[in-house]
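Trainee: Got a structure for you, questions after.
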Amino acid sequence: MSWKEDTTIRFSGLKPGKYAYSYTLSDEFFEEWKNDEIRGGEVKIDVEMERFEHMLMFKFTLSGELTTMCDRCLGDLTVPVEGEEHLCVRFSDTETTDDEDVVVLPESAFELDLSQWLYEYAAVRIPMQHIHPDGECDPEVTKFIKEENDESHEESDEIDPRWEALKKLK
């Protein structure tokens, strides 16, 4: 069975009440989404679904690690991800919504694939800036960056003669 089949919940025929599901998103799962920012990882997501007559309520609890690219050295960087998300699924043939936390399915729907939400809830947990702690970046790359910075500082030590002329105007 593929991860796509594993993430599909058949709610048709379920009685009202609470149901629990657990997923582990691995490298194979993240490769399918073709996102350059996520290179892999392992994230465990526990899903609690409460079934009502015309609605499903989901609570997603995430914990794990994702591998992304360091902004400084472009090497692999593992970042922790954890958090909680909620999703409401309503059944209606006429209603629509613009709320991203509410999904409207037709009354005839009998299953829901959670893979999109599982991916998104993990992906939004990556910090905006991801950099190795000091001293942990690839030494070859940091050596190159340091050389480039030193060269640019040498060039900036020379003062433009136009600025010298402006300083004399004080």
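Trainee: Counting only helical runs of four or more DSSP H residues, what would the 222 nm mean residue ellipticity of the chain come to if each run contributes -39,500 (n - 2.57) and the total is spread over all its residues?
Mentor: After summing the helix terms and dividing by residue count, I get -7500 deg cm²/dmol.
Trainee: Additional query: Quick one: how many Å² of T24 are accessible to a 1.4 Å probe, rounded to 10?
Mentor: T24 has an accessible surface of roughly 90 Å² with all protein chains in place.
Trainee: Right, next: Explain nothing, just the number: dipole magnitude of the chain about its Cα centre with +1 on each Lys and Arg Cβ and -1 on each Asp and Glu Cβ, in debye rounded to the nearest 20.
Mentor: The dipole magnitude comes to about 600 debye.
Trainee: Continuing with the same structure: Using a 10 Å cut-off on Cβ atoms, rank the peptides 159-169, 106-116, 29-39 from the highest mean neighbour count down.
Mentor: Result, highest mean first: 29-39, 106-116, 159-169.
Trainee: Tell me, what is the per residue accessible area of the chain in Å², probe radius 1.4 Å?
Mentor: It amounts to 68 Å² per residue over the chain.
Trainee: Choose one of T7, P133, V103: the residue whose Cα lies farthest towards the positive end of the charge dipole of the chain (beta-carbon charges +1 Lys, Arg; -1 Asp, Glu; about the Cα centre).
Mentor: The one lying farthest along the dipole's positive direction is V103.
Trainee: What does the charge count around D46 come to, taking other residues whose C-beta lies under 12 Å from its C-beta (Lys +1, Arg +1, Asp -1, Glu -1)?
Mentor: -2
Trainee: Of Y121, Y19, which has the most accessible area and how do the rest follow, probe 1.4 Å?
Mentor: Y19, Y121
Trainee: Further question: When the accessible area of the chain is split by element with a 1.4 Å probe, what percent falls to carbon and sulfur?
Mentor: Within the chain, the accessible surface is 49 percent carbon and sulfur.
Trainee: From zero up to wherever the largest Cα-Cα distance of the chain sits, split into 10 Å bins and tell me the percent of pairs in each.
Mentor: All Cα pairs, binned at 10 Å, distribute as 8, 27, 23, 15, 10, 8, 6, 3, 0 percent.
Trainee: Counting only the heavy atoms of the protein chains, how much of I9 is accessible to a 1.4 Å probe, in Å² to the nearest 10?
Mentor: About 0 Å², rounded to the nearest 10.
Trainee: Can you give me the long-range amide H partners of V102? Hydrogens built in the peptide plane at 1.01 Å from N, cutoff under 5 Å, separation of 5 or more residues or another chain.
Mentor: Result for V102 returns C88.
The values are calculated or read from the model by the stated rules, or taken from the named source; none is laboratory data. Predicted model, so just to flag it, every value in this text is computed and none were measured. Neighbour counts are summed over all protein chains in view; Cβ atoms, including those assigned to glycine, are modelled from backbone coordinates with ideal geometry. The area values use the complete protein model at the heavy-atom level, side chains included, leaving out ligands, DNA and RNA. Shrake-Rupley method; radii C 1.70, N 1.55, O 1.52, S 1.80 Å.
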